[in-house]
Ligand SMILES: Nc1ncnc2c1ncn2[C@@H]1O[C@H](COP(=O)(O)OP(=O)(O)O)[C@@H](O)[C@H]1O
Ligand SMILES: [Mg+2]
């Protein structure tokens, strides 16, 4: 933390900027989160303003946590975040922390050394898992007085921090949290800069660009008594930059002016005016030798740094440290930091100047000393890697091992840093000789880290280089070829990828001992590739062959993968009976495999999950995907975790677990944006769109659908791109844009016969088209779509398709005045969908049945359907559809339950409360406010609200005053 540079000094000028900050603080009181961004050149006053903000926030009772990135430690993952949070968390009562979920604490432990004790020994976690856990932590820390998170000098943030901050900006904590960010102009991670720019454009973040001080404000910074001429000269030379001004004045007004050294070059030259650089150098030159040595040690050790560590790094004997410290404090080059014995530079520009006075050889030796000290103190690999990277020599095996270890540790959450350390390790490996073997293991890891960081072209280059090095027949060639094909796919070079795999297959020597296993590995890869390319005939051929090979080799893992892929391929080709048998077989094979085996081929769970979903086995599908997500997290093989999350979100949504579906889809979108793979992002947006629609979050659903379809257009036609059209169309219909819905769906699906939809899924699409036509009053068109739905359902024989075709027929019949037929068909659809455990679609059908029955004059029957629909929709959290059911009930003159308690909630009582709900309700019954409860239980206010709302429903009360008696009452029969 490096705040409050001159906490006693009065601010000159900056009234407007302070008003913006004050405004953001005031917004905290209305619970909202806010983001403020400060930018400007070095020395212009960013840190000073942040310190002022921190003071005002503390005066208002908010908690302020401040951290900063530093220039020479740019690669240390999450350093600014740890800087901001660790001190506070260390001081926090562990009993409070223990109230967070174990998994969240484990995620946070990866970034925050203070939480190391909570780290999962073998759980690797994911980037988005950390983002979410941090958000949850900030929400909790915000009670009771609000939280201000200050992150300074973000131009030096490591890529993982930049990504984390971008995630916070995109989706700020839902609690009174002000996030204040400062960075030098035009020197920010481009993705974070884009995210901030968008937030500012949307009005969700305030931006303060710091301009030079006015002449009047600047004059206030100069000591009284200096001549007007000098003041004018200093102002002009400094350009109104307060740091430059003070720096120039410092030297110009002191005796040191005469000591301007000749060798002032090499300072922060490019960044600051020459006169300022010279004056910085002039300040350092006349110091006693020990002080200069310590100052150099501090520049290497870190900012802030512990004085003793800086001395050791510099090689300064301990007994000479105190005098050196005193000299530096007296010269105001270093200042006391927050913790006793810690020092920080007056300004990063001072550190940079000092750093530039050191020679490369001296720096390497100092870093080497730092690395040894940290090793002796038991510091983690990443902390040591920073120094090893700067000091190790070629051929140093220990250094290579350490860098590899550090990379492994940070890879799941900070792949860019992992790549940097692996690159450093590769540089240390000799080209030939005994130590050179390390390259072969480092390069694939480097490619993996670069891929995970979204740097596909670089990963590709590394793999191509490796392929060129590997001799023919080397067993590593197959894996490298597969990895190369994967990166080519990510680069959109599909042809290159399949050609590479086919060539490798053709090149295998049939008789060779490993050839069969290698062919299998290549064919599985080709099969995966065909699936992504939606070339299902190729997929089927590869899968069938791979299945035979796997069985011949007795490889049950490959067998499961091939069988699952085969099931999906034949479903896609419309061979429903075969698909049903194969997917049942795949479920069994997958069930028999241990997690570790599946971890190596997670796509197996994607194939079987989707096959199950498309065939209407939603809960089984959700289980498959869920297992995949869990394995991906635990094993750190996160390459497919986003895709698996998308599947799980879609399957949970079909099963009516909408809140979870939205959560997961949201997380998948965030993760996909992070990795920058447009195809994955498209899928994730598709999942989000389908989950938001029944919940009634139509504008968010429309946004997601619109973006998904735009990506689908970019990526070209495919079955998945058709799915996006289908999802977007469903929302458009609900939003009252039936005509546009039909247009989008037909465009994406490739025309009236829906050639780009899976045959098994066409009935569902035709049903949508029928609904779209009816919403535009075009009954004739609707009838046509209804007939097509029927044909498609008959053609595939899936119960889900049949149910939707019936619903289409029912809607058409109702519009044509045949209410009896409509009611009967809609009811049958509803029953079939309920049996498939698709409660939302079942309820949608019951709504239609209710309308039809009402039209047929059967009010009791209608009320029964509508009530059943309402209760099911309530438990799914499908708010908008539920409102529709209630409206229909009122229309037929039926009373609607005010709280809308239906189903499970009706029979509830104090017994039904979860432990958390009871705890929250108990405190509320005792008169505590939500905020106080949040602070007491270390929860976010939002969580308190939702526990309380749920307790109200279960207890059947609607006021806090009624809580105490309800909690005391014996359970209702
Ligand atoms: N508005 C101001 N009034 C008085 N002093 C200021 C003002 N802005 C900056 N300073 C001084 O200028 C120096 C550099 O400011 P700082 O906030 O560290 O800049 P930055 O963070 O933008 O590099 C500090 O010594 C600070 O005290
Ligand atoms: Mg600063």
Per-region count, region 345-365, residues outside any helix (DSSP H, G or I), in contact (Cβ under 8 Å) with a residue 60 or more places away in the chain and under 16 Å from residue 314 (Cβ atoms): 2
Residue pairs meeting the criteria (Cβ under 7 Å; at least 6 apart or on separate chains; first under 15 Å from residue 47 (Cα atoms) and assigned to a loop (DSSP other than H, G, I, E, B), in region 3-22; second at pLDDT below 75 and within 16 Å of ligand 2 (Cβ to nearest atom)): none
Residues of region 727-767 satisfying the condition of being touching a helix residue (DSSP H, G or I) at 6+ places or on another chain (Cβ under 6 Å) and closer than 24 Å to residue 580 by Cα: 754, 756, 757, 758, 759, 760, 762, 763, 764, 765, 766, 767
Cβ pairs under 6 Å, 6+ apart, first in region 503-517 and free of Cβ contacts under 8 Å to residues at least 24 places away in the same chain, second outside any helix (DSSP H, G or I) and surrounded by 10 or more Cβ atoms within 10 Å (Cβ to Cβ): 515/508; 515/509
Answer residue from region 135-177, given it is within 12 Å of residue 80 (Cβ to Cβ) and in a loop (DSSP other than H, G, I, E, B) and is farthest from ligand 2 (Cβ to nearest atom) among those: 158
Some residue of region 923-938 being modelled with pLDDT under 85 and assigned to a helix (DSSP H, G or I): no
Sole exception among (1) within 22 Å of residue 174 (Cα to Cα); (2) within 15 Å of ligand 1 (Cβ to nearest atom); (3) surrounded by fewer than 23 Cβ atoms within 10 Å (Cβ to Cβ) for residue 71, by number: (1)
Verdict on residue 22 being surrounded by fewer than 22 Cβ atoms within 10 Å (Cβ to Cβ), more than 27 Å from the chain's Cα centre (by Cα), within 14 Å of ligand 2 (Cβ to nearest atom) and modelled with pLDDT under 95: no
Test: residue 709 is assigned to a helix (DSSP H, G or I), within 19 Å of the chain's Cα centre (by Cα), modelled with pLDDT of 85 or more and surrounded by 21 or more Cβ atoms within 10 Å (Cβ to Cβ): no
Condition met for residue 457 (surrounded by fewer than 24 Cβ atoms within 10 Å (Cβ to Cβ) and under 24 Å from the mean Cα position of the chain (by Cα)): yes
Meets criteria (surrounded by fewer than 18 Cβ atoms within 10 Å (Cβ to Cβ) and either free of Cβ contacts under 8 Å to residues at least 40 places away in the same chain or within 23 Å of residue 620 (Cα to Cα) (or both)) for residue 802: no
Elements of type helices (runs of 4 or more DSSP H) in region 577-690, at least 1 residues being in contact (Cβ under 8 Å) with a residue 24 or more places away in the chain and within 28 Å of residue 730 (Cα to Cα): 603-614, 618-635, 641-654, 658-675
Meets criteria (within 48 Å of the chain's Cα centre (by Cα), at positive phi and modelled with pLDDT of 85 or more) for residue 266: no
Number of the condition not met by residue 398 [criteria: (1) surrounded by fewer than 22 Cβ atoms within 10 Å (Cβ to Cβ); (2) touching a residue at least 40 places away in the same chain (Cβ under 8 Å); (3) assigned to a helix (DSSP H, G or I)]: (2)
Single residue of region 201-210 satisfying the filter (within 16 Å of ligand 2 (Cβ to nearest atom) and either surrounded by 16 or more Cβ atoms within 10 Å (Cβ to Cβ) or more than 19 Å from residue 42 (Cα to Cα) (or both)) that is farthest from the chain's Cα centre (by Cα): 210
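Residues checked against (1) under 15 Å from the mean Cα position of the chain (by Cα); (2) modelled with pLDDT of 85 or more; (3) buried (at least 24 other Cβ atoms within 10 Å of the Cβ):
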residue	(1), (2), (3)
637	no, no, no
655	no, yes, no
663	yes, no, no
669	yes, yes, yes
676	yes, no, no
683	no, yes, yes
693	no, yes, yes
Qualifying residue in region 39-52 (condition: outside any helix (DSSP H, G or I), crowded, with 22+ Cβ neighbours inside 10 Å and away from ligand 2 (no atom under 16 Å from the Cβ)): no
First in region 61-82 and free of Cβ contacts under 8 Å to residues at least 40 places away in the same chain, second anywhere and part of a loop (DSSP other than H, G, I, E, B) and more than 12 Å from ligand 2 (Cβ to nearest atom), Cβ under 8 Å, 6 or more apart: 82/111; 82/112
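Every residue, every condition in (1) at pLDDT 90 or above; (2) within 20 Å of residue 159 (Cβ to Cβ), yes or no:
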| residue | (1), (2) |
| --- | --- |
| 420 | yes, yes |
| 427 | yes, yes |
| 436 | no, no |
| 446 | yes, yes |
| 449 | yes, yes |
| 452 | no, yes |
| 498 | no, no |
| 513 | no, no |
Residue among 69, 84 that is modelled with pLDDT of 95 or more, under 22 Å from residue 112 (Cβ atoms), in contact with a strand residue (DSSP E or B) (Cβ under 6 Å, 6 or more places away or on another chain) and within 16 Å of ligand 2 (Cβ to nearest atom): 84
Top-ranked residue in region 48-68 [being under 28 Å from the mean Cα position of the chain (by Cα) and within 12 Å of ligand 1 (Cβ to nearest atom); ranked as nearest to residue 385 (Cα to Cα)]: 68
Sole residue being within 16 Å of ligand 1 (Cβ to nearest atom) and without any contact (Cβ under 8 Å) to a residue 60 or more places away in the chain, chosen from 273, 340, 286, 317: 273
Residue, nearest to residue 614 (Cα to Cα), within region 740-764, restricted to residues that are free of Cβ contacts under 8 Å to residues at least 24 places away in the same chain and not in a loop (DSSP other than H, G, I, E, B): 746
Among (1) surrounded by 14 or more Cβ atoms within 10 Å (Cβ to Cβ); (2) modelled with pLDDT under 90; (3) in a helix (DSSP H, G or I) - the single one residue 222 does not satisfy: (3)
Residues of region 225-240 classified as over 30 Å from residue 24 (Cβ atoms) and part of a helix (DSSP H, G or I), total: 10
Per-region count, region 830-866, residues in a helix (DSSP H, G or I), in contact with a helix residue (DSSP H, G or I) (Cβ under 7 Å, 6 or more places away or on another chain) and surrounded by fewer than 21 Cβ atoms within 10 Å (Cβ to Cβ): 4
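The values are calculated or read from the model by the stated rules, or taken from the named source; none is laboratory data. Here the structure is a predicted model, which is why all the values come from computation and not from measurement. We place every Cβ from the backbone using ideal geometry, glycine too, and count neighbours over all the protein chains shown.
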